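Asker: Structure below; questions to follow.
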Amino acid sequence: MSTSKHLLFSASLFFLPLTLAGCFDEGPAGDDEAASEDETASEDEGADEVETDTGEETAGEIIDTDQDGLSDEEEAMLGTDPLRKDTDNDNYWDSWELIEGTDPLDASSRIYIGSWPYNPDKEELDQGSWEDTGKQKGKSFPREVFLDQYGDTVDVYDFTNFTVNSTKQPAVFIMDLSAQWCTPCHNVANWIAGNDDSNNEWIQEIYPTVREKVHGLFVWWITFVVQDANGGDPSEGDIEAWFQAHWDPYIPLFLDEGQKVLSRFGGDSFPHFFLLNSEMKIEYFPDPSHSTNANPYPAIGLIDTQVPGAE
C-alpha cells in the first residue's frame, strides 16, 4: 500500500461490521445459521420486522443494496453511494478502501497508486513463505510486500485470481528476474513495453502473441530488479531508473530488496523467467537445457502457445 496515504476516517469506523467475504459469496448478512439466530433473538425481544423485496418479513435485516460489505446505513454515515460498490470510481470498493485507510470519496486516494488489483480473499489462499518455497511445480511463491515503481509497498498476493479480461479466466503470472547491468534484460523490457527497435524485433517474431496478452490482462508480467549496475543489491533508484527507461503501466516493477527472490528463484543467466498459476503457485520453472535458439525464453514460449488471449 502507499506509504504516503493518511487515515481519513475515525478509527471507530473500522469496528463496523465489514464482511468482505460476503461481497463475493452470500452478502454481509452472513450464514443462514447466524441469520436464524438473529431473527429468533429479535422476535423474542419484540423487535420491529422489515418487509423484504420477496414479501417475507425478516427481523433486524441489514440492507446492503450494492453488496460491497457496507450497509446502506453505514454508507449514509460515510457519505458513500449505497448503490455503487466504488463511489469514487477508482476501481477499489468502498469497503476495501476503509480497511486499507484510503478515502472512498476521493479517486486520487486509492489503495495502490499504480491501480494494481486488490484481492480481499487473499488470506484464504495457501500462504507461501520463504522457508517453504521452492522451484518445484505446485510450490507457492512467498507472500511478501515489495516496493514498486510508484513508491508503494505492494502485497503480491493482491494480484491473485484476477479475472478482468475478455475471457473472465484468472490471469497467470510470468515472473521476470532482471538486472540493471544486463543488456538483454533491457532489450526484453523495451519489447514487452512496445518500444520496438533492431535489438528486440526478433523477440516479437518468436513470441507474437505475448505482448497482446500482457496488455489484455490475461497475464501479469511482474519484473523484479534483482541486481544493480555492479551486480550488487538493487536500490529504489534502480527501479525508478528502470521505469523511466521502460515505462509501461501494465507491468508491476518490484525491488528485490536483500535479493531474496534472486537467491531462491535465480537461474543461470539473465533475464530469467518462470511461470505461476493464478494462485501464485509454480506452474513451470525452466531447466537451462530447455532454452534453444528457436525458443530462448521457454517460459515466455508457453505464454505464447498455451495461454488463451482475446477471442
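We did not get these values from a lab; they are worked out from the coordinates using the rules stated. The structure displayed is predicted, hence computed values, not measured ones. Cβ coordinates were reconstructed from backbone atoms using ideal geometry, including for glycine residues, and neighbour counts include every protein chain displayed.
Asker: Could you give the length gained on full extension between E124 and D287, defined as 0.36 nm per residue of separation minus the Cα-Cα distance, in nm?
Answerer: 55.5 nm
Asker: Further question: If I stretch the segment between D196 and N295 completely, what's the gain in nm (0.36 nm per residue apart, minus their alpha carbon distance), one decimal?
Answerer: Contour length minus Cα-Cα distance gives 33.7 nm.
Asker: Mean shadow of the stretch 124-306, computed from the convex hull of its alpha carbons, in nm²?
Answerer: Hull-based average projected area comes out at 10.0 nm².
Asker: Say R0 is 25 Å: what FRET efficiency, to the nearest 0.05, do T183 and S108 get from their beta-carbon distance?
Answerer: Once the sixth-power term is evaluated, E becomes 0.10.
Asker: Next question, about the same structure. Quick one: work out the % antiparallel among DSSP beta bridges in the stretch 124-306, nearest 5.
Answerer: The answer is about 50 percent antiparallel.
Asker: I've got another one for you. So which of K213/K260; K260/K281; K85/K139; K137/K260 end up more than 26 Å apart by C-alpha?
Answerer: K213/K260; K85/K139
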